[in-house]
Amino acid sequence: MKKLLSILAFIGFGFGVYYFYTNDPSGKGSPFLVCITKTITDYDCPGCGGQRAFHELLHGNLIEAAKLNLFIYFFAPLLLFIFLKVTLKPFGIKLPDIILATKWLVGILILMLIFTILRNVV
């Protein structure tokens, strides 16, 4: 049963990536989610531009992706690794654990805070 769920997760992941590749989140009438923080406060949150950055990344526009959200280069590989770690486990493939010290997590949060402040001031 777990193997079937993993296979379904891979299929869903493939459809999700295909959907992001073929649909531009910045287009008019876009079916993508709108940032609640941006809607309420009119300020960009650390994740604002992430969907558009992922779309650009899939199209090979690396510089444009970085302009939209620099964290795409940190979170996209991290989320892919976590997805693979969970979905490959039922097949006996064990990927190493990610162990982050608290100081690294605090550092990442501080970087996200600085990034958020700078993108709203500049």
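Every number here is computed from the coordinates shown, using simple stated rules; none is lab data. As the structure is a prediction and not an experimental result, all values here were calculated from the model. Cβ placement follows ideal geometry from the backbone for every residue including glycine, while neighbour counts extend to all protein chains displayed.
Couple of notes before you dig in:
- The residues neighbouring Asp44, those whose beta-carbon lies less than 10 Å from its own, together hold a net charge of +1 under the Lys/Arg +1, Asp/Glu -1 convention.
- At most 12 other Cβ within 10 Å, DSSP loop - trypsin sites (Lys or Arg not before Pro), the range 1-78: Lys28
- Among the chymotrypsin sites (Phe, Trp or Tyr not before Pro) in the range 26-61, those placed in a DSSP loop whose Cβ has at most 15 other Cβ atoms within 10 Å are Phe32, Tyr43.
- Pairwise centroid distance, computed over Cα atoms, of the range 12-36 with the range 102-122, Å: 26
- Given charges at beta-carbon only (K, R positive; D, E negative), |dipole| of the range 1-111 in Debye: 480
- Contact order normalised by residue count of the chain, Cα under 8 Å, 6+ apart, percent: 26
- For the range 2-121, fraction of C-alpha pairs farther apart than 23 Å, in %: 44
- Between Leu105, Leu80, Leu70, the GNM of the chain built on Cα springs shorter than 10 angstrom shows Leu105 fluctuating the most.
- Gain in span if fully extended, Tyr18 to Leu5, counting 0.36 nm per residue against the direct Cα distance: 2.7 nm
- Residue among Ile98, Ile72, Ile82 with the largest mean-square fluctuation in a Gaussian network model of the chain, springs linking Cα atoms under 10 Å: Ile98
- Local net charge near Ile72, Cβ-Cβ under 12 Å (Lys/Arg +1, Asp/Glu -1): 0
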